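One structure is given here, and the rest of the page talks about it.
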Amino acid sequence: MFLATASKEGTPNVVPIGAFKLLNDETLLISDQFFNKTLKNMKENPKIAISYWGDKGGFQIKGSVTIHTNDEVFKQDVAWMKELRPNLAPKSAVIMKITEIFIIKAGPDAGKKIG
């Protein structure tokens, strides 16, 4: 998956992400170990997009984020990462509230909003 952000001036930034999980149908947790420009952008502009491509096609997911440090959400992220990848130490937990989902595979439904 790839995460796209933009600064308050509109300068884009895209990074791969590997530590994420769906918390429910509308919420995604992204564990931040390495974000620099990405974190700065999300603090300036909380709107993000994620692009996912798999065997059956792909999706673009849009939403807004809140950044958590030193709270229960962050503590849960730290505990999750200790189980999943003990060599990684989260700097923050990013919670994405999903607002839109689009199909990105080729064909007649390309760009179709599905959520």
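The values are calculated or read from the model by the stated rules, or taken from the named source; none is laboratory data. These figures come from a predicted structure and were not determined experimentally. Ideal geometry is used to build each Cβ from the backbone, glycine not excepted, and the neighbour counts take in all protein chains shown.
Of the residues Lys56, Lys62, which is at pLDDT below 95 and either over 12 Å from Ser92 (Cβ atoms) or hydrophobic (A, V, I, L, M, F, W, C) (or both)?
On the way: Lys62 fails: at pLDDT below 95.
After ruling out the rest, the residue left standing is Lys56.
Just name the residue that is farthest from Ala49 (Cα to Cα) out of those in region 70-111 that are among the small types (Gly, Ala, Ser) and exposed (fewer than 14 other Cβ atoms within 10 Å of the Cβ). Lay out the reasoning, then the answer.
First pass over region 70-111, keeping only residues among the small types (Gly, Ala, Ser): 79, 89, 92-93, 106-107, 110-111.
From what is left, the residues that are exposed (fewer than 14 other Cβ atoms within 10 Å of the Cβ) are 79, 89, 106-107, 110-111.
Numbers: Ala79: 26, Ala89: 24, Ala106: 19, Gly107: 21, Ala110: 17, Gly111: 14 Å.
Top of the filtered list is Ala79.
Give Ile50, Ile30, Ile61 a once-over and let me know the one that is β-branched (Val, Ile, Thr), over 25 Å from Asp109 (Cα atoms) and under 14 Å from the mean Cα position of the chain (by Cα). Explain how you work it out, then say what you get.
Values: Ile50 fails: over 25 Å from Asp109 (Cα atoms); Ile61 fails: over 25 Å from Asp109 (Cα atoms).
Matching residue, one of Ile50, Ile30, Ile61: Ile30.
With the requirement that a residue be among the hydrophobic types (A, V, I, L, M, F, W, C), assigned to a strand (DSSP E or B) and surrounded by 12 or more Cβ atoms within 10 Å (Cβ to Cβ), what does region 15-59 give you? Break it down stepwise before answering.
The first filter runs over region 15-59 and keeps only residues among the hydrophobic types (A, V, I, L, M, F, W, C), leaving 15, 17, 19-20, 22-23, 28-30, 34-35, 39, 42, 48-50, 53, 59.
The next check asks that each one be assigned to a strand (DSSP E or B); those that pass are 15, 20, 22-23, 28-30, 48-50, 53, 59.
Within region 15-59, Val15, Phe20, Leu23, Leu28, Leu29, Ile30, Ile48, Ala49, Ile50, Trp53, Phe59 qualify.
Contact map, region 60-82: first residue assigned to a helix (DSSP H, G or I), second residue surrounded by 14 or more Cβ atoms within 10 Å (Cβ to Cβ) and not small (Gly, Ala, Ser), Cβ cut-off under 6 Å, separation 6 or more or different chains; pairs are Phe74/His68; Asp77/Pro90; Val78/Pro90; Met81/Leu88; Met81/Pro90. The residue that is nearest to the chain's Cα centre (by Cα), among those in region 72-105 that are among the aliphatic types (A, V, I, L, M) and under 14 Å from Gln60 (Cβ atoms), is Met96.
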